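A quick write-up on the structure given underneath.
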Amino acid sequence: MVPVPRWQPVARQRLFGLLDEGTRGPLTLLAAPAGYGKTLLMTSWTTGARPPGPVAWVRVGPGDHHPPQFWAHVLAALRGAEVVPPDGLLAGLSPQVEIGDGFLHTFVAGLFELRRPVVLILDDLHEATGQAVVGQLRFLLRHAPSQLRLVVATRSDPPLALHRLRVAGQLSEIRGADLAFTVEETAALLADHGVALSGEELETLWRRTEGWAAGLRLAALSMRGQSQPGRFVADLAGDDRAIAGYLVEEVLAAQPPELRRFLLRTAVADQLSGDLADALTGGSNGARILARLEREHVFTSATGPNRAWYRYHPLFAELLRAELRYEHAGELPDLHRRAATWHAGNGQPVRAVRHALAAGDVDQAAGLLTASWAAMLAQGQAGVLAELVSRLPGERVRTTPELAVVAALSRLALGKLEEADAWLGLAAAAEPWRATGPTGRGGPGPRPPRNGSAMRLARLYRARLVGDVADAGPAARVPPALAEGDDDDRRTLSHALLGVAQLWSGQLEEAAASLEQARADADRTGRPVVAIGATGHLALLEAVRGRLGRATELGLLATEQARRVDWSASPQLAGAHLALAVAAYHRDDLPAATAALDRATRTALAGDRPLRLAAAVLGAWVAAGTDRGDAAAALGRLDGAVAATGGRPPRLLAAAARAARAKLLAATGDEDAALAELDRTDASPAPVEALVLARLQVATGDPAAAGRTLAPLLADEPGQPAPELPLAIAAHLTDALANQELADHAAAARAMRRALDLAVPEDYRRVFVEGGAPVRVLLADHLHRDTTHHLLVGSLLERLRTEAGRAASPAGRSAAAGPLVVPLSEREQVVLRYLSSRLSAGEIAEELYVSLNTVKTHIKSIYRKLDTNRRWDAVKRARQLQLL
């Protein structure tokens, strides 16, 4: 008989579809642990709105391993489905004491007589453990006609040559992952029981049960009528009375004694390999037993790309641990110590320390932490390291120099400079200085610190956070390559930290070498987190140099590396985001620059003062080209970032911050305050300050002073360091503007040509766009005088024309700039842009890949529409109409 459920289950249409699809073939297998809703799913499917047709249901029991009893039940089910002809072979067939080939051949022949296809469901087939029944089912699957659609529900895969059926496409499988409830189905099940949870509570319940149907049903029954069901969800564990009772009766009690012992002793580990299982049990066949547990669906699943690791279902694991505490509490410390030793020996320090702490072995935990802190930091586990240190007795950490430095390192890696300084002070106070005998000069000598390597890394971390390599002191001299183990991680971290500190200190060549070495070390030792950070800061370094293409390439590489290891929100990516923002800004893609800048600010550590100041400086340059409200807000952010450095901005950023502040003040209309910001009589201005000062001098009508300010930047003297590319382009452009104001048009043209020569390879645009109308005049004049860079110049003129069109009101336009009676065609507009250059008509034809006659026809049409008869008059008229 088809079972009738005592409650109306959630209709799971996605699984009904899988069953419908599966029963078009010979075998559908539902294999999952106890309580995954196999029987309930099939009853809902067979009695629902769209039943699969005639159904013969056999619920297999322990006695059905005897073939006569098993086949008697199968025959009774088929007859009850009313598909067996009254005079057919199956109507008169009865199992004999011994089921032989004759019975099976007659049974198969009787299936050919069925009037229509029938679904034969064998529920709980794992109960029929006899080889005889399984062998006879294999025969049936090989010879049965298409009228028979077999559905098998089981807790363990039956030996039915599934691999052969799978290859032949004759097997449909529905397993635990398919049967697990989704979040939406979980919500529907709870609603059926009158239970309402918040979205977060629902997610927690689903995650803890992993969609296990019985666990959800038991939880729903327990929460029904409770005033605070969320509290039940927060406390839900495998030792809950209802869940524990089910698991003990349905799963644990069914295991043989030796397997039960294995489950209890291995439950102390969150994940298991065969070797770890052997270390915990003292056995030698752990891998085979774990594979068997997964095959038999004992709440065990394989994980990882090679499926060499296993884990128990969270609720089942908690039950096992509760049983272990109840039955073998005295064994727990030793099991955790074994797990700690195994994990430490296999390069898994975090799990090793957790097990040592669980064993109550503070000495083992402390020793593991002092030996493995570098590996944890290199793997991006600073938060975990801080949490593990906090679980040690506080007095032990405060009075042990090695542990105090580890505590400081964990805080430094999290950007918590003040907390780290406190721990470093404790480490110095706790370090024993004992005489080690006579020194070379005959006096007593101090014992070297036991934590010298950790202290060097701490100084480098600190220098990286304040942005001054001098803060590292002797630690800035990277120790030579060390032999093995954690020494590789220390060397990799040393290069990465030193490289960032050198970058912010303005030592760009040294920074590039250190960061490249860190990348190479990280790739060699498999430390992607360090590689991502080093690549991102290399991208930022290239952006500072002005190599926008290389900066973009490295920035995108870092983001792709982070995506592959699921570290897209890592602080290590902040440098890459900032580099992409700088490149987008210089290329005049302000939306992309703003988005990348926001990502950099969100991902950067709160204590990463240099990077946050750099982001504020770039934000100031972006905002200075917008409205006054944006500029005022950016000024507040910039001042806050400067204040966060304690009045010690990094050398690379100190002048840039002052220049950005002056630029923002000028953007808000306070040019006097902007000039005062740059007025440093005690020293000559830095290049970036000189540049902003010169632009202000041009804007306030003193181009001669601007020329004097720019002179050091434009001097090409041997031994004199050239300014970085962005500054060099801006310097030549500003020089062109100053010469234009001084009516030295030849000098202005030369300076503009030089600015364009520098800008074209890396596609610099923003510096020209920010120049507005004066730069537009210079660019137009360049097209008259020079044919070089006409594509960039034409694009910039179009961009500036668009900007001018947005800024100008209709009333402010010249009367001469009235609309054309007949507008230019799209092709004529293209030719018009070339008319503003010095290309001949033939050269324009070659550029456009058209004939000379075609170009001449377009030119005549342009003259007619613009009411002119000469080329330069047409260009002049087009500029009046803002067509160029």
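Looking at (1) at pLDDT below 95; (2) open to solvent by less than 30 Å² (accessible area, probe 1.4 Å); (3) part of a helix (DSSP H, G or I), find the lone condition where HIS577 falls short.
The one condition HIS577 does not meet is (1).
Quick one: would you say GLN96 is under 30 Å from VAL251 (Cα atoms), more than 57 Å from the chain's Cα centre (by Cα) and open to solvent by 60 Å² or more (accessible area, probe 1.4 Å)?
The answer is no for GLN96.
What number of residues within the range 768-799 satisfy the criterion of being at positive phi and assigned to a helix (DSSP H, G or I)? Before the answer, list the steps.
Just the residues of the range 768-799 that are at positive phi, to begin with: 772, 789.
Those still in the list that are assigned to a helix (DSSP H, G or I) too: 772.
Summing the residues that are at positive phi and assigned to a helix (DSSP H, G or I) in the range 768-799 gives 1.
Quick one: is THR204 of a type in the set (Val, Ile, Thr), in contact with a helix residue (DSSP H, G or I) (Cβ under 9 Å, 6 or more places away or on another chain) and within 19 Å of THR39 (Cα to Cα)?
No: the conditions fail for THR204.
Where in the range 78-188 are the helices (runs of 4 or more DSSP H), entirely inside, with at least 2 residues that are of a type in the set (Gly, Ala, Ser), touching a Cys at 6+ places or on another chain (Cβ under 6 Å) and more than 30 Å from GLU201 (Cα to Cα)?
Per the criteria, no element qualifies.
For the range 197-258, which fully contained helices (runs of 4 or more DSSP H) count at least 2 residues that are in contact with a Ser or Thr (Cβ under 7 Å, 6 or more places away or on another chain)?
Fully inside the range 197-258 and qualifying: 199-209, 213-223, 229-235.
Between ALA558, ALA584, which is open to solvent by less than 10 Å² (accessible area, probe 1.4 Å) and in a helix (DSSP H, G or I)?
ALA558
Does at least one position in the range 445-458 carry a residue that is of a type in the set (Lys, Arg), surrounded by fewer than 24 Cβ atoms within 10 Å (Cβ to Cβ), at pLDDT below 85 and out of contact with any helix residue (DSSP H, G or I) (no Cβ under 9 Å at 6 or more places or on another chain)?
Yes, some residue in the range 445-458 is of a type in the set (Lys, Arg), surrounded by fewer than 24 Cβ atoms within 10 Å (Cβ to Cβ), at pLDDT below 85 and out of contact with any helix residue (DSSP H, G or I) (no Cβ under 9 Å at 6 or more places or on another chain).
Can you pull out the residues in the range 272-284 that are more than 32 Å from the chain's Cα centre (by Cα) and among the aliphatic types (A, V, I, L, M)?
Within the range 272-284, ALA277, ALA279, LEU280 meet the criteria.
Could you tell me which of the residues LEU733, LEU710, LEU714 is among the hydrophobic types (A, V, I, L, M, F, W, C) and either in contact with a His (Cβ under 7 Å, 6 or more places away or on another chain) or open to solvent by 10 Å² or more (accessible area, probe 1.4 Å) (or both)?
Going through LEU733, LEU710, LEU714 in turn, the sole match is LEU714.
Listed residues ALA358, ALA287, ALA322; which is within 30 Å of ALA128 (Cβ to Cβ), more than 30 Å from the chain's Cα centre (by Cα), surrounded by fewer than 20 Cβ atoms within 10 Å (Cβ to Cβ) and of a type in the set (Gly, Ala, Ser)?
Going through ALA358, ALA287, ALA322 in turn, just one is within 30 Å of ALA128 (Cβ to Cβ), more than 30 Å from the chain's Cα centre (by Cα), surrounded by fewer than 20 Cβ atoms within 10 Å (Cβ to Cβ) and of a type in the set (Gly, Ala, Ser): ALA287.
A quick yes/no check of all residues on (1) over 15 Å from GLN255 (Cβ atoms); (2) in contact (Cβ under 8 Å) with a residue 24 or more places away in the chain:
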site	(1), (2)
ALA291	yes, no
ARG295	no, yes
GLY304	yes, no
LEU319	no, yes
GLU327	no, yes
ALA344	yes, yes
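Looking only at residues in the range 1-16 that are open to solvent by less than 40 Å² (accessible area, probe 1.4 Å) and not β-branched (Val, Ile, Thr), which one is modelled with the lowest pLDDT?
PRO9
Criterion first (over 41 Å from the mean Cα position of the chain (by Cα), modelled with pLDDT of 90 or more and open to solvent by less than 10 Å² (accessible area, probe 1.4 Å)) does ALA694 satisfy it? Quick ask: steps written out before the conclusion?
Working: over 41 Å from the mean Cα position of the chain (by Cα): yes; modelled with pLDDT of 90 or more: yes; open to solvent by less than 10 Å² (accessible area, probe 1.4 Å): yes.
For ALA694, the condition - over 41 Å from the mean Cα position of the chain (by Cα), modelled with pLDDT of 90 or more and open to solvent by less than 10 Å² (accessible area, probe 1.4 Å) - is met.
Give just the number: which of (1) open to solvent by 10 Å² or more (accessible area, probe 1.4 Å); (2) closer than 21 Å to LEU324 by Cβ; (3) touching an Asp or Glu at 6+ places or on another chain (Cβ under 9 Å) does ASP235 not satisfy?
(3)
Being closer than 20 Å to LEU832 by Cβ, touching a helix residue (DSSP H, G or I) at 6+ places or on another chain (Cβ under 6 Å) and surrounded by fewer than 17 Cβ atoms within 10 Å (Cβ to Cβ) is the filter here, so list the residues in the range 752-785 that pass it.
Correct list: ARG785 only.
Out of LEU78, LEU104, LEU114, LEU122, which single residue is open to solvent by less than 40 Å² (accessible area, probe 1.4 Å) and touching a Phe, Trp or Tyr at 6+ places or on another chain (Cβ under 7 Å)?
Checking each option against the conditions leaves just LEU104.
Just the residues that are under 22 Å from LEU171 (Cβ atoms), open to solvent by less than 30 Å² (accessible area, probe 1.4 Å) and not in a loop (DSSP other than H, G, I, E, B), please, taken from the range 17-53.
Listed by number, the residues that qualify are LEU19, GLY22, LEU27, THR28, LEU29, LEU30, ALA31, LYS38, LEU41, MET42, TRP45, THR46.
Name the residue, out of GLY533, GLY549, that is open to solvent by 10 Å² or more (accessible area, probe 1.4 Å) and either touching a Cys at 6+ places or on another chain (Cβ under 9 Å) or modelled with pLDDT of 95 or more (or both).
After ruling out the rest, the residue left standing is GLY549.
Give me the residue from the range 63-75 that is among the aliphatic types (A, V, I, L, M) and free of Cβ contacts under 8 Å to residues at least 40 places away in the same chain and, out of that set, surrounded by the most Cβ atoms within 10 Å (Cβ to Cβ).
Pass one, the range 63-75, residues among the aliphatic types (A, V, I, L, M): 72, 74-75.
Add one more test, that the residue is free of Cβ contacts under 8 Å to residues at least 40 places away in the same chain, and what stays is 72, 75.
Details: ALA72: 15, LEU75: 20.
Residue satisfying both the conditions and the ranking: LEU75.
Which of (1) open to solvent by 20 Å² or more (accessible area, probe 1.4 Å); (2) at pLDDT below 90; (3) within 48 Å of the chain's Cα centre (by Cα) is the odd one out, the single condition ALA132 does not satisfy?
(3)
From the list ARG396, ARG411, which residue is buried (at least 19 other Cβ atoms within 10 Å of the Cβ) and out of contact with any Lys or Arg (no Cβ under 9 Å at 6 or more places or on another chain)? I'd like the intermediate steps shown before the answer.
Numbers: ARG396 fails: buried (at least 19 other Cβ atoms within 10 Å of the Cβ).
None of the other options fit; the residue is ARG411.
Just to be sure before I move on: is ALA513 open to solvent by less than 50 Å² (accessible area, probe 1.4 Å), part of a helix (DSSP H, G or I) and out of contact with any Pro (no Cβ under 7 Å at 6 or more places or on another chain) in the structure I sent?
When the stated conditions are applied, ALA513 does not pass them.
Checking the condition within 49 Å of the chain's Cα centre (by Cα), modelled with pLDDT under 85 and part of a helix (DSSP H, G or I), which residue from THR734, THR802 passes?
On the way: THR734 fails: modelled with pLDDT under 85.
Being within 49 Å of the chain's Cα centre (by Cα), modelled with pLDDT under 85 and part of a helix (DSSP H, G or I) holds for just one of THR734, THR802, which is THR802.
For LEU324, only one of the following conditions fails: (1) more than 23 Å from ASP157 (Cα to Cα); (2) at pLDDT 95 or above. What is its number?
Here LEU324 meets the rest and fails (2).
Among (1) over 29 Å from GLN131 (Cα atoms); (2) buried (at least 17 other Cβ atoms within 10 Å of the Cβ); (3) among the small types (Gly, Ala, Ser), there is one condition ALA56 misses while meeting the rest; what is its number?
(1)
Restricting to the range 575-589, what's the tally of residues that are free of Cβ contacts under 8 Å to residues at least 40 places away in the same chain and of a type in the set (A, V, I, L, M, F, W, C)?
Narrowing the range 575-589 to residues free of Cβ contacts under 8 Å to residues at least 40 places away in the same chain: 581, 584, 589.
Retained after the next criterion (residues that are of a type in the set (A, V, I, L, M, F, W, C)): 581, 584.
Going through the range 575-589 one residue at a time, the tally reaches 2.
ALA496 fails exactly one of the following numbered conditions: (1) farther than 23 Å from PRO650 by Cα; (2) open to solvent by less than 30 Å² (accessible area, probe 1.4 Å); (3) at pLDDT 90 or above. What is the number of that condition?
Only one criterion in (1) farther than 23 Å from PRO650 by Cα; (2) open to solvent by less than 30 Å² (accessible area, probe 1.4 Å); (3) at pLDDT 90 or above is unmet by ALA496, namely (1).
The values are calculated or read from the model by the stated rules, or taken from the named source; none is laboratory data. Here the structure is a predicted model, which means the values were calculated and not measured. No Cβ is skipped: glycine too gets one built from the backbone with ideal geometry, and neighbour counts run over all protein chains shown. Side chains included, ligands, DNA and RNA excluded: accessible areas come from the protein's heavy atoms. Shrake-Rupley method; radii C 1.70, N 1.55, O 1.52, S 1.80 Å.
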